[in-house]
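Okay, structure first, notes after.
Read-outs throughout are calculated quantities, based only on the coordinates presented, and are distinct from any laboratory measurement. This structure is a prediction, so every number in the text was calculated from the model and none was measured. Reconstructed Cβ throughout: ideal geometry from the backbone, glycine too, with neighbour counts over all protein chains shown.
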Amino acid sequence: MRTAMVSLLGLMMFTGAAQAADSYAFGNRVLTVGDSAGKLIELAGAPVHKEPVENKFGAHEAERWEYRQEGKTLLMTVKDGKVAQIDEVF
């Protein structure tokens, strides 16, 4: 688990740019932080990778869903069935 997180952070630093956003456009439709996981799947489809997000004690807090769109990697954090965070990695 920690190895995957370190790899992801390394990827973000290697590529040079990561940006948090409150929304992301999929064509002419927009996903916003707070929207349901169902809407995310409706707009973006199934993620290429899912990873649990754990707190420092190892308890499950959320999931990070990875998508690839237009040359970018999108990391969507899903917590309690809703999009909690949107990160774009260029």
Label-point separation, Lys82 to His49 (7 Å along Cα→Cβ), nm: 2.8
Just to confirm the filter: which GluC sites (Glu not before Pro) across segment 24-90 are DSSP coil and have at most 12 other Cβ within 10 angstrom of their Cβ? Glu70
Between Lys39 and Gln69, what is the label-point separation in nm under the 7 Å Cα-to-beta-carbon projection? 1.3
Tell me which trypsin sites (Lys or Arg not before Pro) from segment 13-89 have a DSSP coil assignment and no more than 15 other beta carbons within 10 Å of their own. Lys56
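Restricting to DSSP loop positions (anything but H, G, I, E, B) with no more than 10 other Cβ atoms inside 10 Å of their own Cβ, which chymotrypsin sites (Phe, Trp or Tyr not before Pro) remain in segment 16-89? Write down the numbers at each step before the final one.
Details: sites: Tyr24, Phe26, Phe57, Trp65, Tyr67; in loops: Phe57.
Counting only loop positions with at most 10 other Cβ atoms within 10 Å, the chymotrypsin sites (Phe, Trp or Tyr not before Pro) in segment 16-89 are Phe57.
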Separation of segment 61-83 and segment 29-47 by C-alpha centroid, Å? 9
